[in-house]
Structure formats: C-alpha cells, structure tokens
Amino acid sequence: MSLKAPPSPASSRGRGGQPARPAPRSRGGLARLGPLPWIAPVVLLILAVVVWPVIELIRTSFLNISIAGIVRGSAGTDKYRKLFEESDFGHVILWTVLWTVVVVGVTMLVSLGLAQLFNQRFPGRRITRWALIAPWAASVLMTAIGFKWMLNQTAGVLNTLMLDLGVIDKSEDWLGSASTAWPWMMFVAVFVSLPFTTYTLLAGLQTIPGEVYEAARIDGAGPWQTYRGITLPLLRPAFLVGVVINLINVFNSFPIIWAMTQGGPGSDTATTTVFMYKLKETDLAESAAMSVVNFAMVVVLVLIFLKVSRWNEED
C-alpha cells in the first residue's frame, strides 16, 4: 500500500507565495439575520401602535356606524363629503393652522432667548433652570384647569386683581368669546411648551466648542456676526428637532383647549382634534374622517417645514 507524502510547505501557499486562507466557516442562523432580531421588537411595536390604528382609522371613515357602534355597511366617501360640508369645517382648519404657527413660532423665539440666557453664568442659574421644569413636570390638563380658574369671571384671580387696581370696571369673561379666549389658550400652550424646547436648544448650544468663538473673536468678528455665522448654523440640528416636535404636539393639542373652553362657544375655539372629539357624539365615522384629515395635515405641515428648512443639506 502506497503512502501519500505530506504536503510540502509550498503546496499550502496560495498565489504569490502567500499563505492560503482557510475556508470560511458557515455563519449561524441567527448571524445570518443581521440586525433584524434587535430591531424586530421596535418594528412590531410601531406596527401595533402606529400603523395598525391608522389603517383601522381609515377603514372606519368609510363605514356607516351607528352611535352604539354597530357597523351598518359601507358608506363610501359620504362621511368625507359630509365633513367638508360642515359649516364650521373651514373655520376650524384655518384656526388650527394659525394656532400651530403662532404657538410654535412664539415658543421657538422665547425658548431661543431663554436658552441663550441659561447658557451664561449668573447667580441663581441652577435655581432658574430647575424652575423652568415646573410647567413640564406638571400635567398639561392640570395647568390648563388652573389657568381656567384664574380667568374665571366671578372668582378668578385676574379679574379680582384688575378690579382692585381699577384697570377694569366689571369682571370680564375672558374665555367666553373667541377674541379673548384664543390669546389666553395660546399663552398656556407656549407656557407648557417652553421647558422642552428651551432645554433642547440649550443642549445644542452646549455642544458648540468654545474654540470656535475664540477663533471668531481673534478674527475680529462682532457679537452679531458671531451669532449669525457660528451660533445659529451650529444650532440648526437642535432647532429643527424643537420645531418638528412642537409642530406635532401643538397641532394635536387637545387638553388645553378642551379644559379651558371645550371648543366653545359653538366651535369658535375648536381645533381639528377638538372638532373631531365633538363629532363623535353624532357620527363616529365622520369623526374618523376628521381624524384622517388631521393626520394628513400634520404630515403635510412637517414635510413642508422640512422641505423649506432643507434639513438634510449641509451648510
């Protein structure tokens, strides 16, 4: 029986005299899935909490449902037609857009100033920072109810104070008409939105290296030139986050308006979310149609802002 000679050192080398690489081992089943096992729970959660309710909402808006919740067949697009023919629909849409633009705009401007202030060193800075968290820590509904009682016509603190100072001759019903209710509700909305936005911008300011400001000072740049050319561009990512989050939250704001006026008188102080809630008392499917319109408007507003702000472009 012939014996095979052991392989020579040259035979175990590849081309060019380099050592031959061992054959790759087959990857295990879990490794072949890559990151899927880690992101699967998040994907399933999004499907269950976001995607499925939206699908059900859209499906419900095309049904004919009784007040008791009994489905009586398909309604086609009748519910959307009925919604668009509502006398208050156009007014509600207009005020919802104005409400969102004003509250978000004022919130971002005031928060930008507060963030600049809190980024400086001054006595009591830590206390004022903690104090700003109070509106955020408190329930939005509780804050709105507190302001409602403060604005009460008969026993409100504001009327009592203004009467004592002689500013007004008789108590005012601040929440009784849209002309006075809207500014107060916007004030409360800005008040509860300031903490998150301010701390978001403050975090962005604190990521800007001090060496950049030192280089600008050496180059002879003034305060306004430094702020416009360095601070604002480097603060852009945090600013975009604050605007987008506030757009979604303010547009869908319900507790403030419902607690203070319930959208009244009539629907004069109602936004789309409040109007949707009121519609459910008479027609569930029409309320679902309003929810679909509301969802579409939020998406469009966010996309318009991202397009205008060119969020994915480098300066």
* Asked: Taking Leu161 and the conditions (1) farther than 28 Å from Thr96 by Cα; (2) touching a residue at least 60 places away in the same chain (Cβ under 8 Å), which numbered condition does it fall short on, given that it satisfies the others?
  -> (2)
* To do: May I ask you to say which residue of Ile127, Ile93 is surrounded by fewer than 19 Cβ atoms within 10 Å (Cβ to Cβ), in a helix (DSSP H, G or I) and touching a residue at least 60 places away in the same chain (Cβ under 8 Å)?
  => Ile93
* To do: Just give me the residues in the range 153-175 being assigned to a helix (DSSP H, G or I) and of a type outside the set (Val, Ile, Thr), in sequence order.
  => Leu158, Asn159, Leu161, Met162, Leu163, Asp164, Leu165
* Asked: Of all residues in the range 266-285, which are in a loop (DSSP other than H, G, I, E, B) and open to solvent by 60 Å² or more (accessible area, probe 1.4 Å)?
  -> Asp268, Lys280, Glu281, Thr282
* Would you mind telling me which numbered condition in (1) closer than 18 Å to Trp174 by Cβ; (2) touching a Leu at 6+ places or on another chain (Cβ under 6 Å) Ile257 fails? => (2)
* Considering only the range 295-311, state which residues are without any contact (Cβ under 8 Å) to a residue 60 or more places away in the chain and within 13 Å of Ile93 (Cβ to Cβ). => Ala296, Val298, Val300
* **Residue count for the range 50-62, restricted to those that are assigned to a helix (DSSP H, G or I) and open to solvent by less than 30 Å² (accessible area, probe 1.4 Å)** => 0
* **Breaking point among (1) modelled with pLDDT of 90 or more; (2) over 27 Å from Gln116 (Cβ atoms), for Ile245** => (2)
* Asked: Does the range 63-77 contain at least one residue that is of a type in the set (Gly, Ala, Ser), modelled with pLDDT of 85 or more and open to solvent by 80 Å² or more (accessible area, probe 1.4 Å)?
  -> yes
* Asked: Out of the range 222-244, which residues are open to solvent by less than 50 Å² (accessible area, probe 1.4 Å) and either touching a helix residue (DSSP H, G or I) at 6+ places or on another chain (Cβ under 7 Å) or closer than 17 Å to Gln120 by Cβ (or both)?
  -> Thr226, Ile230, Thr231, Leu235, Ala238, Leu240, Gly242, Val243, Val244
* Asked: In the range 201-221, how many residues are touching a residue at least 12 places away in the same chain (Cβ under 8 Å), in a helix (DSSP H, G or I) and either open to solvent by 80 Å² or more (accessible area, probe 1.4 Å) or β-branched (Val, Ile, Thr) (or both)?
  -> 2
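The values are calculated or read from the model by the stated rules, or taken from the named source; none is laboratory data. Just so we're clear, the structure is a prediction, and the values are computed from it rather than from any experiment. Please note: Cβ atoms are built from the backbone with ideal geometry, for glycine as well, and neighbour counts cover all protein chains shown. Each accessible area value is taken on the protein alone, full model and side chains, heavy atoms only, with ligands, DNA and RNA left out. Shrake-Rupley method; radii C 1.70, N 1.55, O 1.52, S 1.80 Å.
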